[in-house]
Amino acid sequence: MSTETRRAPAPRNRIEDHALIGDTGTAVLVGRDGTIDWACLPRFDSPSTFASLLGTEEHGHWTLRPVDDEATADRHYDGDTLVLSTIWTTAEGVVEVTEFMPVGAHRPSIVRRVRGLRGTVRMRQTLRIRFDYARALPWIRQVGDDGGPALVATAGPGSVVVRGPRFRADDHRHTATTTVHDGDVVDTVLTWYPSHREPPAPLDVDAALEQTRSWWTDWIAPVQAAGPFTAATRRSLVFLRAMTHGETGGVVAAATTSLPEDPGGERNWDYRYVWLRDASLALASLIAHGYREEATHWRGWLLRAIAGDPGDVQIMYGIAGERELPERELPELPGYAGSTPVRVGNGASEQYQGDVFGEVLAALHDARELGVEENADSWALQRALLGHVEQHWQDPDNGIWEMRGPRRHFTHSRAMIWAAFDRGVAAVEEFGLEGPVDRWRALREQVRAEIEEHGWNAERGCYRQHYDTDEVDASLLVLPQIGYLPADDPRMTGTVAAIEQDLRTGPDGLLLRYRTAAGFDGLSGSEHPFLACSFWLVEQYAASGRVDDAERLMEVLVASANDVGMLSEEIDVATGHHIGNTPQVLSHLTLVSAADAIERSRGRAVGHRTRLAVHDGGTRSWTGAGERAGSPG
């Protein structure tokens with residue numbers, strides 16, 4: 001028997017080849033080659049309709065492109081929207097393909113409009129519909145209605161209707177070829193609907209396109225970003241809004257599942273859920289740019305999701321607050337570049353991560369600062385969370401990186417516990433809310449004393465990853481962001497020096513989360529630089545006076561985005577390929593925070609406020625446009 005290692009075939013589209021279109025209920029990935037190879041309908045976490053991203057064409061895809069294999073494509077978003085425009089050029093002519101998902105439609109739809117710009121171009125569509133992660137071969141039939149010829153595909157509870165050019169059956173797929181002349185407009189619309197109902201009425205594409213453009217343009221209009229990273233900031237805010245479920249307010253961590261952190265390895269997770277941490281941080285980025293409605297909507301989601309006993313709080317939930325997210329494997333899908341297993345659900349939902357309490361309470365405090373009025377239910381929830389933290393603040397946890405090894409006392413988690421008590425104190429002292437402020441103040445100082453005793457490595461002059469190691473962790477970079485200590489404090493600059501020494505990799509010095517070789521995470525294999533960590537380093541540089549270093553690193557990070565500004569979770573510094581699930585909310589929200597920090601360091605006020613800086617002496621400093629300066633008194 002041969003011992004030669006079998007290599008998985010290269011994926012049809014690399015992770016970075018994709019652009020996102022979405023309707024705030026779900027999202028679709030469109031490759032550079034005109035292929036939709038990932039779509040889950042009707043929600044982000046629904047079983048897939050197209051899944052060739054995690055396998056081959058057999059697992060479902062929808063390709064629209066010129067017949068000419070030599071055709072070239074140039075694409076961009078239409079301003080600050082999620083309307084994608086691709087210009088295809090062939091020897092005979094030029095066409096524009098406009099793709100979008102209508103916002104506010106009764107049913108989720110994918111619209112693909114071809115418009116002739118010059119000459120003549122033959123366009124071909126190949127459609128292979130596979131429901132339920134490619135496990136369900138649908139019953140497909142040709143029908144006719146007021147919208148012209150249509151395909152209807154049904155399997156189990158879901159159906160889609162496809163209206164446009166006439167498709168013809170071709171070996172378990174359907175194809176359509178259309179000749180497009182200068183000035184021609186050819187629309188194809190796929191709409192999902194429950195299979196027990198009749199197909200919905202045809203979509204008015206002109207009206208839907210205009211309404212969708214206007215919706216995104218109006219949403220981004222209030223943002224007042226400045227400086228060299230304005231475009232990246234605005235695009236990241238659009239992606240953050242796209243990943244916020246319009247109906248429930250839940251913020252999903254990414255649109256995909258099982259895109260690997262270590263191609264060929266086992267680090268493949270489902271990110272189509274709402275992590276309290278990521279959602280809280282995303283909310284903080286939106287709050288910093290004045291999005292009060294989103295803050296109120298997310299707070300309502302939070303109240304519903306974690307209602308009841310605070311002891312039952314999970315680190316993540318389903319989009320509507322579902323608690324059951326059992327992790328299982330799908331052997332039917334061979335995985336991206338052969339990376340198995342493909343997983344749906346996420347077993348980390350059963351972990352305890354103490355830091356999420358601090359993130360949630362800090363985000364809710366930011367909402368108060370923005371002017372979101374507290375009500376009896378929301379403050380009662382926060383008091384209940386703080387009561388739970390009072391009882392369990394000394395418990396070890398799995399940490400921000402969801403370590404699947406033993407629970408430990410992670411320094412970042414302890415600092416976020418400190419932040420939880422700090423925001424409780426601030427709510428009473430600054431907003432007049434009722435609570436045991438003396439007890440919270442004492443616990444805040446007790447947590448600080450513990451961190452300084454056990455989380456500090458005196459020999460090396462830095463904070464440590466957890467109390468039982470001398471390793472460092474990139475999550476320590478958030479300590480100044482939460483107000484635990486100033487960014488230029490010698491303890492923090494010493495920690496930065498240790499992080500730079502241990503965790504920087506590649507020619508540009510991007511950061512790993514931690515050294516996987518230390519063996520704390522309970523998983524085999526390694527990983528690549530984690531983009532959010534490098535954005536944290538940018539923010540640290542900017543806040544500590546290393547502004548030139550901040551801008552140099554920021555330029556590298558922004559340049560690592562793909563041609564339409566999307567970022568995944570990690571980057572392969574050797575090849576430039578994106579790694580991990582995409583678009584990664586944590587990457588985009590930390591980009592926004594880093595860009596804001598650079599602008600503040602250059603003396604250009606941006607956003608509405610930054611997080612509190614609470615120093616050892618207990619004084620508070622404030623920065624941000626139109627906010628108070630000095631002690632709040």
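Rule-based calculations on the coordinates, nothing more; no lab input. Keep in mind the model is a prediction, meaning the values are calculated, not measured. Don't worry about glycine lacking a Cβ; one is built from the backbone with ideal geometry, like all the others, and counts go over all protein chains shown.
Sequence-distant contacts, meaning Cα pairs under 8 Å at least 6 residues apart, place the relative contact order of the chain at 12 percent.
Rounded, prolate or oblate: pick one for region 223-621, where a ≥ b ≥ c are the square roots of the eigenvalues of its C-alpha gyration tensor, a/c under 1.5 means rounded, and failing that, prolate if a/b is larger than b/c, else oblate. Because its axes are fairly even, with a/c under 1.5, region 223-621 counts as rounded. Our coupling estimate for region 400-408, obtained by passing each phi through the Karplus curve with A = 6.51, B = -1.76, C = 1.60 and θ = phi - 60°, is 4, 8, 6, 4, 9, x, x, 5, 9 Hz, Gly and Pro reported as x. Considering helices alone, the calculated mean residue ellipticity of the chain at 222 nm is -9500 deg cm²/dmol, with DSSP H runs of length four and up weighted by -39500 (n - 2.57) and normalised per residue. When you count the other C-beta atoms within 10 angstrom of each residue and take the mean per peptide, 52-62, 295-305 line up highest first as 52-62, 295-305. A full extension of the chain between Val185 and Ala307 corresponds to an added length of 38.9 nm, given 0.36 nm per residue minus the alpha carbon distance. The reciprocal of the average 1/r between distinct C-alpha atoms defines the Kirkwood hydrodynamic radius, which for region 15-214 equals 16.8 Å. Shown is the FRET efficiency for Glu434 and Gln224, computed with R0 = 41 Å from the Cβ-Cβ distance and rounded to the nearest 0.05: 0.70. Of the peptides 167-176, 382-391, the ranking by mean beta-carbon count within 10 Å, highest at the top, reads 382-391, 167-176.
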